[in-house]
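So the structure is just underneath, and the comments pick up after that.
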Amino acid sequence: MRILVYGAGVLGCNLANNLYHGKKDVTLLARGVWAKQLKKNGLHMKKTFHMRESVSRVPVITQLEPNDCYDVIFVVVRYTQLDGVMEDLQANGTKNIVFVGNNIRPAHYASLFPEKKIMFAFALSAGHREPARVVSLDLKKITIGQLKNTPSNETLIGRIFAGTGYRVVYEPNMEDYLLCHAAFVLPAAFACYYTDGDLRKLKGNAAYLNRVLDANIEGYRAIERAGHAILPASDMDYESITYRKTCLRFFRLMCATGLGKLCASDHAMNAVDEMDALNRDMKAFFDETGAVYPVWRMLERDIRKYLIKNTDTKPRLGDVQETALIPLAIRANETERKTARIHDNKAVAIIRELDVDTEKLDRFFSHEGVIARTVMFDEAVKKLLRKYPDAVCVNIGCGLDDRFTRVDNGKVQWFHVDLADSIEMRKHFFHETEREHMLAADILRAGWTEQIPKNKVVIVIAEGLFMYFSKEQVQTVLNSITGSFDRGFLLVELMHPKMMNEKKHDTVKNTSAKFGWGTVTGRDLLPLDAKLILINERSFWEEMKKYSLIGKIGSVVAGKLNNRLAVYRWQ
């Protein structure tokens, strides 16, 4: 069989070397100075625990041409380099391709080659490359197979590795295997960065090593709850004391000997970009499946100087828009509670991505108020959508709210409206669809409604917004809404004038925002726009009193002072 190893890093060189000594017709694709070194002097390998350095005269090429024909190509490049080699592989006629190494998106890469047999593998070897040789620890074990529910390649795999001395483990579900592998490897990589590459610093640090294991278990838990298998099967009992003891012994061995440098830190320190990308995609998987992973996040936070680049380019919000982080943080923290009253996985993901310290943004009264208003606004919108399923919803001052996901009836057209900086930030985390749109606009200026359909009932949501406007500005917005749409409903949060002291507010005081105009009753808006009719007005206490003694007491002694949801209509 003609075999090409595409990539001449440590893993690629180990694989090519082993195939060469197994009498296989193997070629190695290398680039740059390293390719010249290999062509001139051969592949020099120094294996750990071996006294001698071996030399293999593996044929070397520097480019894969479309007509180059091989029985199988092993693609052994870093996870971050995969996209860069796709064009070469797609243009080439070879039918059997094996991607070797870390990979959290194997199904995606397999989908790029519908006419080919795609396999995935992970080889147990590690080390580093020096100017003239590769120094490695090679266990000559490889786990290899294809995606679940695709035709078996076990016979082909047996032919490839026959006579090479490899211990081949055939795995018919490589997607789940690679997910589990990443859940184990990444916390170990965090430990490497935490010690700046010297794992010996963790010798005797049982607390940190237990956190590394806890993060691994969080990953396994998320994978299993998302419907994937835990692989290898020996790790299935990952919640057991036996699993914990076995892993801790392994971690201690790595930290007490040179094994950690060979197996983990050499690669981690030389492949920060790969670990960063793997971590990014692993977190995306966690967030998409609603996983909770606080220990993982804690370990990541300790080594952000390695994984997070260009932190000064994070989007910035204006003073009032900055308050959007308050309900976001509260909804995220509530979602992670065991007895959560709302679920907003998107808020959790955004807070994690922005690395927001939620302590100053999430205090008791603000927390209870935000949860109450979220529940009440959601219920009010759902009620209107049951009556007007084809309505257009316009969420003004939307910030990073994900109400659309919580109330979507499959028909509503939704417009998220906010100032340009808020929409710019929103676009980092949300995507527009056929029914969900983002509109950067100043609602105090004429013309902001031009892009919104006018031929249907409109439901305008103004949550956590009007209290930052003056009376005149509120009137401008109301007149703009009723003047642009023939009929509709307005759901608005109102604040009592006696509560409008941002310096005494438990969370707004930690921002630069200033309160504007307050109302004693929802009827105070009626003189500002003759078309408005007040349907009902409800204090947030109605929801808050369901969950705490303070809520019950507050509803009695301070019933008129809490914020309210007022619902209006016009036609």
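Per-structure values
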{"item": "Residue in segment 61-72 that is farthest from ASP25 (Cα to Cα), counting only those that are of a type outside the set (D, E, K, R), assigned to a loop (DSSP other than H, G, I, E, B) and open to solvent by 10 Å² or more (accessible area, probe 1.4 Å)", "result": "PRO66"}
{"item": "Qualifying residue in segment 106-125 (condition: open to solvent by 60 Å² or more (accessible area, probe 1.4 Å) and over 15 Å from GLN146 (Cα atoms))", "result": "yes"}
{"item": "Flag if THR374 is hydroxyl-bearing (Ser, Thr, Tyr), assigned to a helix (DSSP H, G or I) and more than 23 Å from GLU434 (Cα to Cα)", "result": "yes"}
{"item": "All positions within segment 387-407 that are of a type outside the set (Gly, Ala, Ser) and within 13 Å of ILE459 (Cβ to Cβ)", "result": "LYS387, TYR388, PRO389, ASP390, VAL392, CYS393, VAL394, ASN395, ILE396, ARG403, PHE404, VAL407"}
{"item": "Flag if TYR170 is buried (at least 19 other Cβ atoms within 10 Å of the Cβ) and out of contact with any Leu (no Cβ under 8 Å at 6 or more places or on another chain)", "result": "no"}
{"item": "Subset of segment 28-60 [among the basic types (Lys, Arg), in contact with a strand residue (DSSP E or B) (Cβ under 9 Å, 6 or more places away or on another chain) and either within 25 Å of CYS263 (Cβ to Cβ) or assigned to a loop (DSSP other than H, G, I, E, B) (or both)]", "result": "LYS46, LYS47, ARG52, ARG57"}
{"item": "Filter result for the condition that a residue is within 27 Å of GLU334 (Cα to Cα) and open to solvent by 60 Å² or more (accessible area, probe 1.4 Å), over ARG244, ARG221", "result": "ARG221"}
{"item": "Scope segment 173-205; condition under 22 Å from the mean Cα position of the chain (by Cα) and open to solvent by 10 Å² or more (accessible area, probe 1.4 Å); matching residues", "result": "GLU175, TYR177, HIS181, PHE184, VAL185, ALA188, TYR194"}
{"item": "Any pair with Cβ under 9 angstrom, 6 or more apart, that starts in segment 293-322 at a residue that is within 22 Å of TYR220 (Cα to Cα) and ends at one that is among the hydrophobic types (A, V, I, L, M, F, W, C) and modelled with pLDDT under 85", "result": "GLU300/LEU307; GLU300/ILE308"}
{"item": "Check on LYS454, touching a residue at least 40 places away in the same chain (Cβ under 8 Å), farther than 28 Å from HIS343 by Cβ and open to solvent by 60 Å² or more (accessible area, probe 1.4 Å)", "result": "no"}
{"item": "Whichever residue in segment 555-571 is part of a strand (DSSP E or B) and open to solvent by less than 60 Å² (accessible area, probe 1.4 Å) and, among such residues, is farthest from GLU493 (Cα to Cα)", "result": "TRP570"}
{"item": "Tally, over segment 1-27, of residues that are assigned to a helix (DSSP H, G or I) and either of a type outside the set (Val, Ile, Thr) or open to solvent by less than 10 Å² (accessible area, probe 1.4 Å) (or both)", "result": "11"}
{"item": "Any chance VAL75 is open to solvent by 10 Å² or more (accessible area, probe 1.4 Å) and among the hydrophobic types (A, V, I, L, M, F, W, C)", "result": "no"}
{"item": "Test: residue in segment 148-165 that is open to solvent by less than 60 Å² (accessible area, probe 1.4 Å), β-branched (Val, Ile, Thr), at pLDDT 95 or above and within 30 Å of LEU248 (Cα to Cα)", "result": "no"}
{"item": "Every residue from segment 30-52 that is aliphatic (A, V, I, L, M) and either open to solvent by 40 Å² or more (accessible area, probe 1.4 Å) or more than 26 Å from GLN81 (Cα to Cα) (or both)", "result": "VAL33, MET51"}
{"item": "Residue list for segment 532-553, filter: farther than 24 Å from VAL477 by Cβ and either within 39 Å of the chain's Cα centre (by Cα) or among the hydroxyl-bearing types (Ser, Thr, Tyr) (or both)", "result": "TRP541, GLU542, GLU543, MET544, LYS545, LYS546, TYR547, SER548, LEU549, ILE550, GLY551, LYS552"}
{"item": "Single residue of LYS387, LYS360 found to be within 27 Å of LYS545 (Cβ to Cβ) and either surrounded by fewer than 17 Cβ atoms within 10 Å (Cβ to Cβ) or among the β-branched types (Val, Ile, Thr) (or both)", "result": "LYS360"}
{"item": "Pairs with Cβ under 8 Å, 6+ apart, first in segment 103-121 and in contact (Cβ under 8 Å) with a residue 60 or more places away in the chain and within 13 Å of MET174 (Cβ to Cβ), second among the small types (Gly, Ala, Ser) and outside any loop (DSSP other than H, G, I, E, B)", "result": "ILE104/ALA182"}
{"item": "Search result, residues across segment 422-451 that are open to solvent by 40 Å² or more (accessible area, probe 1.4 Å) and of a type in the set (D, E, K, R)", "result": "GLU424, LYS427, GLU432, GLU434, ARG435, ASP442, ARG445, GLU450"}
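The values are calculated or read from the model by the stated rules, or taken from the named source; none is laboratory data. Note that this is a predicted model, so its numbers are computed, not measured. We place every Cβ from the backbone using ideal geometry, glycine too, and count neighbours over all the protein chains shown. With ligands, DNA and RNA removed, areas are computed over all heavy atoms of the protein, side chains included. Shrake-Rupley method; radii C 1.70, N 1.55, O 1.52, S 1.80 Å.
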